[in-house]
1. Of everything in segment 39-62, what is touching a Leu at 6+ places or on another chain (Cβ under 6 Å) and more than 16 Å from Lys96 (Cα to Cα)? Give them in sequence order.
2. Would you point out the residue of segment 83-104, among those that are at pLDDT below 85 and not aliphatic (A, V, I, L, M), that is nearest to Val35 (Cα to Cα)?
3. Is it the case that segment 284-303 has a residue that's modelled with pLDDT under 95 and within 25 Å of Ile250 (Cα to Cα)?
4. Under 6 Å between Cβ atoms, at least 6 apart or on separate chains: pull out the pairs that start in segment 193-204 with a residue that is outside any strand (DSSP E or B) and at pLDDT 95 or above and end on any residue that is among the acidic types (Asp, Glu) and surrounded by fewer than 24 Cβ atoms within 10 Å (Cβ to Cβ).
5. Out of curiosity, is Thr213 farther than 20 Å from Tyr319 by Cα, part of a strand (DSSP E or B) and free of Cβ contacts under 8 Å to residues at least 24 places away in the same chain?
6. Which of the residues spanning segment 251-301 are among the hydrophobic types (A, V, I, L, M, F, W, C) and closer than 22 Å to Asp326 by Cα?
7. Would you point out which residue out of Asn227, Asn264 is surrounded by fewer than 17 Cβ atoms within 10 Å (Cβ to Cβ), at positive phi, modelled with pLDDT of 95 or more and more than 21 Å from the chain's Cα centre (by Cα)?
8. What residue, of Asp37, Asp65, is modelled with pLDDT under 95 and either within 25 Å of Leu324 (Cβ to Cβ) or surrounded by 15 or more Cβ atoms within 10 Å (Cβ to Cβ) (or both)?
Amino acid sequence: MKLHSISSISLVLTAVSLVGLTTSLPATAATFYTVLDLGTFTADPRNSSSATGINDLGQVIGISDSYDLVYVPGTYNGSEVFRTAPNSAIAEATDKIDVVTGIRPTSAKDINNLGQVVGDTLSSSGRTSISYVSEPNGALNIISSFQASAINDSSQITGQGATILDPLGLRSSHAVRLDSNDSNMFIDLGTFGGSSSAGNGINNLGQVVGSSTTSSGENHAFRTAANSTINSATDDLGTLGGSSSTALDINDLGQVVGSSTTSNGETHAFLTDANSAIEAADDLGTLGGSFSVAYSINESGLVVGDSELVDGSNRAFVYDGTDLFDLNTLIPENSGFVLTSARGINESGQIAATGFFEDTQTTRAFLLTPVPEPTTMLGILAFSASAGLLRKKNKQKLKP
């Protein structure tokens, strides 16, 4: 296993010694987290929410139900996009991304540090899907003929462009970059020689990552140079030994995360070195099952994503540069919920995650904050010394 470097925001803590306690943590253990239940738009117990991203201010984006206990005729009872205030739960009065007449947001894909959100919308007819970019902490603007996936702090956007007709008249879609959010002038990033590509992430240098078909029909992850199109000679990241890979996020150092098939047909999360291709040592393994995927990376090289356990169930993970940890082992014991997915991590190490309550099976968005942090926010599940420090941490080992 390659040891990826981690800076001052390291997950490694020294042993804990408390007066009156006879048991302490191991000499090295992953960081623990406080957990804020982000709630939903309304109080109906049937409601659910899910988190899809986070910025450095602690603003979380995602989807929340807005069902009312008593339906009010003329109102909308369904799922809506949210963008929270920093380190706060969902507030119905302020956190809905405004709706354009006849068009409703259906997803929130990414948020930058200006509070701009990109995602998809659906027309009132339910037949047309187009993308939007919001104003900083404001209402949305429609981007036509485009599927937006990510936005950086310069408001550059990447995603997949409109259908393109090749010289033979065949239809395909290419990864594109939009350098101004108030323009529809897309830059076609091209492909590796195949018919299609898609942009999934963009850093503040303008490097785009995603996936593209090759001339032989395989699907490979790519990383472009800053503000450049796809170069087949330099940008193909390869795979972990299988036939396909996809890149989902990139930090400003050029480290890329995503997933790739392996030589035995499994799908594993990967983390590359800065501006390097995928190597065998970049395989992050799993939490015991045959599948994992890395969704987000911060500048310190901390990675979050999902992985299967031995029993096939999904769990959210964090990778600290050495090991893959099940996030459920790093939160207060007996929390009453299970974290199944982690989609974003910011520069403070805060994580946007989704899980479900064990009693109701209701899905909920959560904000995880590394300890020690102030724990006065309403809704944070407080740590207990006996529950948080004495319980055995079942750290999952990487699959060989």
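1. Asp44
2. Looking at residues that are at pLDDT below 85 and not aliphatic (A, V, I, L, M), I get Asp98.
3. Taking every residue of segment 284-303 in turn, none turns out to be modelled with pLDDT under 95 and within 25 Å of Ile250 (Cα to Cα).
4. Final answer for the pair search is Asn203/Asp252; Asn204/Asp153; Asn204/Asp252.
5. Taking the combined requirement at face value, the residue satisfies it.
6. Val256, Val257, Ala269, Phe270, Leu271, Ala281, Leu284, Leu287, Phe291, Val293, Ala294, Ile297
7. Asn227
8. So the residue among Asp37, Asp65 that is modelled with pLDDT under 95 and either within 25 Å of Leu324 (Cβ to Cβ) or surrounded by 15 or more Cβ atoms within 10 Å (Cβ to Cβ) (or both) is Asp65.
The values are calculated or read from the model by the stated rules, or taken from the named source; none is laboratory data. Everything numeric in this text was worked out from a predicted model, so none of it was measured. Counting neighbours? That spans all protein chains shown, and the Cβs are built from the backbone with ideal geometry, glycine included.
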